[in-house]
1. Just the number, please: Stokes-Einstein D of the chain in µm²/s, Kirkwood Rh from C-alpha pairs, 4 °C, 1.567 mPa s.
2. With springs only between Cα atoms under 10 Å, which of Asp48, Asp67, Asp27 fluctuates most in a Gaussian network model of the chain?
3. Run the numbers for Ile58 and Arg26: contour at 0.36 nm per residue of separation, minus the present Cα-Cα distance, in nm.
4. Note the angle between two axes, namely the Cα long axis of helix 66-76 and the longest principal axis of the Cα atoms of the chain, as a number of degrees from 0 to 90, rounded to the nearest 10.
5. Using Cα atoms only, what is the angle between the long axis of helix 14-26 and the major principal axis of the chain, expressed in degrees (0 to 90) to the nearest 10?
6. Pick from Ser37, Ser86, Ser16: which residue has the top mean-square fluctuation in a GNM of the chain where Cα pairs under 10 Å get a spring?
7. Output the 0 to 90 degree angle, nearest 10, between the alpha-carbon long axis of helix 94-103 and the longest principal axis computed from the alpha carbons of the chain.
Amino acid sequence: MSSIDIVYALFPDAESATRVARQCVRDGLAACANLLSPCTSIYEWEGDITESAELPVIFKTSSARVDALMDQIETMHPYEVPAILSWPVVRAPHDFAKWIDSMTHG
C-alpha cells in the first residue's frame, strides 16, 4: 500500500472545479475531491493587486499518483498559472488509506 498525498487547487468557479474533480476521480488519479466554499484570494498579478473569489478543492490521492494528478489538473485548469500544491499525509486510519490506494490504483 502506498502513502497518501493531499493536492490543493484553486478554481475560478464551481463549474471548472467540478469538471476537473470529476475527471480526476473518473481517471483514478484521485480517490475523492472536496469542493469547498468560495474564498477571497488577494494576490499580485501582472503588477496589480487583485482580489477575486475562488473555489478551493482538496484532492486525496496515493503518493504514486500525485504527479499524474497534478499534471492532469494543470492541463484541464482554466488559469494560465494555476495554484496546485501537494503535501504528504502524516497519519490516516488504515482502512481509509487502503481505500485511497485501491481507488487510485496506487
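1. 92
2. It is Asp48.
3. Once the chain is fully extended between Ile58 and Arg26, it gains 10.0 nm.
4. For 66-76 against the chain, the angle is about 40 degrees.
5. The angle comes out at about 20 degrees.
6. Ser37
7. Once rounded, the angle reads 70 degrees.
Values in this text are rule-based calculations from the coordinates and carry no lab data. Computed from a prediction, not measured in an experiment: that's the story for all the values here.
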